[in-house]
Amino acid sequence: MAFIAKNLISETVTGVELDDNGEKALSMMNIFQVNHLPVLSDGEFVNIINEDDILTNGFDKKIRDFDLTENKIHVSENCHFFNIIDRLAKNNLSLIPVLNNDGEYLGSITQQDIFQYFGDIFTFEFPGSIVEIEIPIKDYSLSNISHIVELENTSIIGLLLNDNDKNDEVMDVILKLNKTNTNSVISSFERHGYRVKSSFSGNNFSVDVLKERYEALMHYLNV
């Protein structure tokens, strides 16, 4: 499946209509566990409403009479996964509407949807292990890293790059490997001068760790 917007749309989140009031919108946000919702007019995308809009305008007031703070932020149906993350992060959104090429509303993508696909991209469900190494940015070479791993009869099945500080000179390289025992790979990295920051074998790489990496990426994009 291509990682584009039309394939990532939530199956549960719906929008609010202009004649709905703030109380209904807030109730729907609580149900869907988001801080934003698309505002629709007979199914046509109008804008985005957030919690602050409701608190500012009132619970009984109709949304058509709200002074909304968002600026019709959305993505096209063919927008790539990483561009969606960038748009969510830079606008501090919990979801983003998706429009087709004719400007018709197709649905919305939530941060939770992105987190799920983020895990899919990193083959979280595939058995193996995680090794995180630190390397000077100027020395980064995927071919060298792959060669070191393959020397230990191991394969890389997923990779993430994490530059936590734009002014820093080093980066984190997070590798998903196809073997649960990482001892030989770690030793090989250390012999080649790489700093191994952490490793997770088998089941001790938890969902919380993956979520932490995703949130670090969102924070980085939002800087």
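A short reminder: the numbers here are calculations on the coordinates, not readings from a lab. These numbers were taken from a predicted model, which means no experiment stands behind them. Cβ coordinates were reconstructed from backbone atoms using ideal geometry, including for glycine residues, and neighbour counts include every protein chain displayed.
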In nm, spacing of pseudo-spin labels at residue 162 and residue 11 (7 Å Cα→C-beta vector) = 3.0
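Given 0.36 nm per residue, what is the gain on full extension from residue 30 to residue 101 after removing their alpha carbon distance, in nm? Write down the numbers at each step before the final one.
On the way: separation 71, 0.36 × 71 = 25.56 nm, distance 3.07 nm.
My answer for the length gained is 22.5 nm.
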Counting sequence-distant residues (5 or more places) and residues on other chains, those with an amide H built under 5 Å from that of residue 170 are 137
Obtain the nm distance between the two label points defined at residue 170 and residue 144 by a simple spin-label model: each point lies 7 Å from its Cα along the Cα-to-C-beta direction.
-> 1.5
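If N is the number of residues in segment 1-129, what value comes out of its Cα radius of gyration divided by 2.2 N^0.38 Å? Before the final figure, lay out each step's value.
On the way: Rg = 15.3 Å, N = 129, 2.2 N^0.38 = 13.9 Å.
In units of the 2.2 N^0.38 Å rule of thumb, it is 1.10.
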Over 24 Å between C-alpha atoms is what I'm after, so list which of 138/197; 6/61; 62/90; 6/62; 6/72 land there.
-> 6/61; 62/90; 6/62
Using the number of other C-beta atoms within 10 angstrom as an exposure proxy, rank 171, 29 with the fewest first.
-> 171, 29
